[in-house]
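Have a look at the structure below, then the notes.
The values are calculated or read from the model by the stated rules, or taken from the named source; none is laboratory data. Owing to the predicted nature of the structure, the values given are computational and were not obtained by experimental measurement. Positions of Cβ are backbone-derived with ideal geometry, glycine not excepted, and every protein chain shown enters the neighbour counts. SASA here: full protein model, heavy atoms, side chains in, ligands and nucleic acids out. Shrake-Rupley method; radii C 1.70, N 1.55, O 1.52, S 1.80 Å.
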Amino acid sequence: MTDRLLVECGADGLVTVREWPSGELYPTVAAPAAPLRWPLDKHDLEELRWYLEQYLSSPFGVYGERGSAVEARLPVWGARIFKAVFGSGPARDAYLRARERGGPTEVVILSATTGPLGLPWELMTDPARPRPVALDRVTFSRGLLTAQPTEVARVSASRLRVLTVVSRPDGPQDIGYRMIARPLLRRLAPLREEVDLVVLRPPTLDRLAEVLAEARAAGEPFQIVHFDGHGVFEHAQRPVDRFAPRSFDGQGPQGMLAFEHPTGGQDLVPAERAAGVLAQAQVPIVVLNACRSSAAVGAGVEAVVATQLLQEGTAAVVTMAYSMDAGAAAEFMATFYERLLAGDRVTEAVAEGRRRLATGDQRPSPKGQLPLADWTVPVLYARSEAGFPWLRGAGLGPAAPVPEEQEDPDLAAEGEFVGRDALFHTLESAVRLHRVVLLHGPAGTGKTELAKAFARWYRDTGAIDAPELVVRHSFHPGVATFGLDGVVDAVGQRLGDEDFPHLDRAARRARVEHALCTRRMLLIWDDFEAAYAMPDPTGATPPLSETERTELRAFLARVAAGGRSAVLVTSRTEEQWLGAVRRIAVPGLEPEEAHEYADQLLGRYPQARRRRETRSFAELLRRLDGHPLSLRLVLSHLESTDARDLLDALLDALRGAAPPPGSAVDSRTASLSASIAYSLGHLSDADQQALTVLGLFRGVADSNLLAAYSRVPRCPEPFRWRSAQEWDGLLARAARVGLLTSLGAGRYRIPAALPALLQANGSAVDSCAVDRAFLETCGMFGAWVTQKAEGGEAERALALLHHNRLTLGAALGHAIARGFWEDARFMAQALHRYWELRGLFAERQAWADRVRLAVETIETAETAETADGEPPAEGTAARALWLLMTPSPAGGRPRT
């Protein structure tokens with residue numbers, strides 16, 4: 001039971017304190033009406049707003065001193081607020097009685113106008129106690145003085161269901177744009193079985209009403225609607241005084257919630273109208289994130305919107321009085337939901353979330369993690385008690401991350417994905433309205449990681465019919481063909497159709513297109529530039545023919561015209577030949593996102609934290625233009641180099657930097673070239689020359705494969721007689737300066753732009769000699785993997801093939817083109833097992849076609865495209881390859 005102290009703020013400027021001990025039926029007057037002399041003037045309140053919303057964006061020089069000064073004044077302001085209400089007389093006596101009883105205490109601020117409700121009461125500090133009142137076993141809430149008590153809202157369900165409305169009608173230009181729902185979803189991952197977080201699509205009021213009604217009719221109602229958007233005042237022509245009296249009877253500004261129109265754009269909905277929809281669905285709790293701050297359209301909008309929701313029957317509204325860091329807001333909300341699952345009332349859950357913010361007060365800034373007292377930001381407005389006691393005990397216990405093995409390997413993140421909130425919202429709208437979307441940008445800007453992160457988000461928030469219906473298909477060189485059949489096979493594997501492998505080509509295509517029209521799926525076409533616009537310079541996979549381009553273009557047009565599914569394409573170019581698809585440029589990270597990424601990158605480097613506390617570091621980030629790969633390459637050097645020296649070195653490198661081969665010249669490509677050059681400069685000349693070997697690999701370099709390459713007699717001199725440990729040491733040194741990413745077990749991820757830049761720096765190695773020796777190595781590797789598979793180590797063999805399949809495929813293409821049939825057969829024999837086990841029937845058939853075109857004898861040039869030729873002579877290596885790739889009962893022709 002809770003003791004309550006009711007602070008009633010009248011429109012006449014008088015305040016009355018009532019005492020309501022637990023167990024009593026009614027409150028009694030503890031202190032008669034007296035004038036409320038609010039101790040913080042407008043300058044103080046503006047300083048508080050600046051500290052909470054802007055201080056950490058530039059905590060340098062005078063701004064750093066200003067932020068520290070405001071932080072030091074917080075307890076002083078808190079003591080003044082306490083004195084204004086409970087400082088002396090009967091009011092203080094009532095406060096002391098409540099504290100002496102030792103139970104939970106709640107301070108309830110009541111008013112008939114929003115002015116007093118918008119004040120920062122949570123700062124209140126009892127000078128006789130060590131912590132602010134709100135952090136000292138006392139909860140705070142606000143309510144309507146004129147409202148009548150209502151019954152506790154009851155919504156029965158076995159799980160906590162949250163409907164999230166992510167509304168950003170102004171897109172990237174939206175004020176304070178950081179999406180709370182994404183970090184919240186990650187934070188709630190351990191409670192996925194107990195909390196159902198669904199995103200409203202599209203974020204319109206009509207759709208909100210439909211989804212709430214459908215859920216209630218299905219017996220799975222939502223208990224919480226979480227509005228991740230902003231509120232405004234209706235027709236506000238000038239900033240509104242935060243503390244001017246506003247009543248709830250329709251006088252004064254009208255609070256509005258910014259929903260979106262079905263086709264995009266802002267749809268301002270009166271809060272009372274939105275509240276009517278929520279009341280109709282009997283939603284007891286509303287959460288409001290990211291109401292616009294006073295810097296934009298005047299403050300106090302969160303108070304007006306919240307009180308209007310209460311007026312229409314919402315039991316409780318949790319809102320943010322100021323803009324807040326997205327990660328901190330997600331931490332607060334995750335704690336809030338955890339406590340609701342434990343059976344706490346909303347007031348207790350808010351208080352626990354506030355304590356979590358106070359104990360974990362480090363927030364990202366250009367200087368690294370700095371403390372911020374943003375525990376004052378969350379505010380509770382309540383009309384009645386609210387909670388879900390029937391959920392008590394669900395989800396309790398230590399929170400553990402979701403095991404990585406449960407994630408689809410094709411969608412797993414490389415490190416922690418950071419930022420891109422604006423692009424996420426743009427993608428949400430584009431995918432819904434256009435169905436086919438192209439993400440384009442230079443190498444290293446994070447297109448693939450963005451596509452994978454969006455796919456995980458889209459899948460986990462109810463936009464896909466089943467998790468397996470997110471399909472990522474790579475167009476990286478090393479496959480047999482970039483044609484439509486490979487796409488069809490990739491989708492067909494996920495449909496759960498046992499007959500699919502036995503269908504002919506036309507039937508497989510029809511089956512897949514029917515699924516795309518009737519089911520909600522998401523396809524990712526990754527690294528699409530290699531298909532045609534930027535073909536592999538070594539010719540590992542032939543670029544698309546005109547016929548193949550026409551097929552792909554027509555396929556995308558059909559998906560866009562009539563399907564429920566979407567296709568997300570990533571490319572370094574705009575792929576103009578695709579025609580009318582929605583194109584979205586992928587820029588560098590926003591400054592705030594770049595600082596957050598820097599926090600992640602520098603977490604392992606203690607010396608770097610000190611060196612980033614300068615303006616030179618901020619300028620360094622600006623020069624890197626938010627390019628993720630450039631940031632990764634350069635920032636690791638802060639462990640041993642001051643930011644000023646690092647900036648000077650980067651500027652020198654930028655003056656002579658050329659863009660990666662095949663890239664347009666812009667600040668991001670220049671910064672990438674300069675960053676790679678700077679990182680390479682930290683390696684010896686011998687290491688730099690040896691790293692040119694990475695041009696032989698596709699996507700992943702393997703130290704064991706390199707060791708085998710070193711032992712081949714034709715291996716070029718710079719690469720000879722190196723052990724697996726020596727190669728691993730070299731690759732590890734490259735990883736330490738940011739050039740590679742370790743995957744474990746001697747394998748390293750290669751950035752797409754790196755091999756070309758290494759080659760552009762010059763190499764003394766004869767590329768033909770390297771190619772022949774490496775093909776022989778890949779042939780030996782294929783034979784060894786086959787032996788392992790046949791010797792009972794199929795799982796290990798499959799894993800090795802999965803990591804090296806593109807490298808092996810590219811080598812197979814070169815071996816076929818140059819007539820190295822024995823090496824090609826060993827490679828194809830290993831890959832054949834992989835294709836079979838993975839259901840890559842189109843891939844297998846495409847390689848069979850390439851083999852036939854290479855080894856069969858054609859009578860005339862005119863029939864070379866269509867006619868069957870004569871197989872190679874018996875007993876030759878070419879014949880063995882042909883038999884492997886063209887199986888049939890008769891031993892002659894492939895099945896089609």
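I'd like to check something: does the range 71-80 contain any residue that is within 17 Å of ARG142 (Cα to Cα), more than 37 Å from the chain's Cα centre (by Cα) and among the charged types (D, E, K, R)?
No: the range 71-80 contains no residue that is within 17 Å of ARG142 (Cα to Cα), more than 37 Å from the chain's Cα centre (by Cα) and among the charged types (D, E, K, R).
Identify, please: which residue in the range 596-651 is touching a Gly at 6+ places or on another chain (Cβ under 7 Å), of a type in the set (Lys, Arg) and in a helix (DSSP H, G or I) and is, among those, surrounded by the most Cβ atoms within 10 Å (Cβ to Cβ)?
ARG632
Every residue in the range 50-68 that is buried (at least 19 other Cβ atoms within 10 Å of the Cβ) and part of a helix (DSSP H, G or I), please.
Of everything in the range 50-68, those that are buried (at least 19 other Cβ atoms within 10 Å of the Cβ) and part of a helix (DSSP H, G or I) turn out to be TYR51, LEU52, GLU53, TYR55, LEU56, GLY67.
Quickly run through the range 702-744 and pick out the residues that are closer than 22 Å to GLU414 by Cβ, touching a residue at least 40 places away in the same chain (Cβ under 8 Å), in a helix (DSSP H, G or I) and of a type in the set (A, V, I, L, M, F, W, C).
LEU705, LEU730, ALA734
Looking at (1) over 30 Å from THR204 (Cα atoms); (2) at pLDDT 80 or above, which is the one condition that is false for GLY415?
Of (1) over 30 Å from THR204 (Cα atoms); (2) at pLDDT 80 or above, only one is false for GLY415: (2).
Being over 37 Å from the mean Cα position of the chain (by Cα), open to solvent by 40 Å² or more (accessible area, probe 1.4 Å) and modelled with pLDDT of 90 or more is true for just one of GLU776, GLU726. Which residue is that?
Selected residue: GLU776, the only one of GLU776, GLU726 that is over 37 Å from the mean Cα position of the chain (by Cα), open to solvent by 40 Å² or more (accessible area, probe 1.4 Å) and modelled with pLDDT of 90 or more.
Among the residues of the range 542-592, which ones are β-branched (Val, Ile, Thr), open to solvent by less than 30 Å² (accessible area, probe 1.4 Å) and over 25 Å from the mean Cα position of the chain (by Cα)?
Result: VAL559, single match.
Being over 34 Å from the mean Cα position of the chain (by Cα), assigned to a loop (DSSP other than H, G, I, E, B) and not hydroxyl-bearing (Ser, Thr, Tyr) is the requirement here; does GLY539 meet it?
The answer is yes for GLY539.
May I ask you to verify whether LEU438 is under 21 Å from PHE555 (Cβ atoms), open to solvent by less than 10 Å² (accessible area, probe 1.4 Å) and either of a type in the set (Lys, Arg) or touching a residue at least 40 places away in the same chain (Cβ under 8 Å) (or both)?
It is true that LEU438 is under 21 Å from PHE555 (Cβ atoms), open to solvent by less than 10 Å² (accessible area, probe 1.4 Å) and either of a type in the set (Lys, Arg) or touching a residue at least 40 places away in the same chain (Cβ under 8 Å) (or both).
With the requirement that a residue be among the acidic types (Asp, Glu) and surrounded by fewer than 19 Cβ atoms within 10 Å (Cβ to Cβ), what does the range 691-723 give you?
Of everything in the range 691-723, just one residue is among the acidic types (Asp, Glu) and surrounded by fewer than 19 Cβ atoms within 10 Å (Cβ to Cβ), namely GLU717.
Looking only at the range 9-41, count how many residues are part of a strand (DSSP E or B), open to solvent by 30 Å² or more (accessible area, probe 1.4 Å) and closer than 24 Å to GLU385 by Cα.
Here the count works out to 4.
Of all the residues that make up the range 502-530, how many are out of contact with any helix residue (DSSP H, G or I) (no Cβ under 8 Å at 6 or more places or on another chain) and either outside any helix (DSSP H, G or I) or surrounded by 18 or more Cβ atoms within 10 Å (Cβ to Cβ) (or both)?
Final tally of qualifying residues: 4.
Among the helices (runs of 4 or more DSSP H) contained in the range 764-855, which hold 2 or more residues that are acidic (Asp, Glu) and farther than 27 Å from SER742 by Cα?
Counting at least 2 such residues, we get 821-838, 841-855.
Among the candidates ARG159, ARG142, ARG137, ARG129, single out the residue that is surrounded by fewer than 22 Cβ atoms within 10 Å (Cβ to Cβ), at pLDDT 90 or above and touching a strand residue (DSSP E or B) at 6+ places or on another chain (Cβ under 8 Å).
Just a single option satisfies the conditions, and that option is ARG137.
Going by the structure shown, is ASP408 among the acidic types (Asp, Glu), within 26 Å of the chain's Cα centre (by Cα) and modelled with pLDDT of 85 or more?
no
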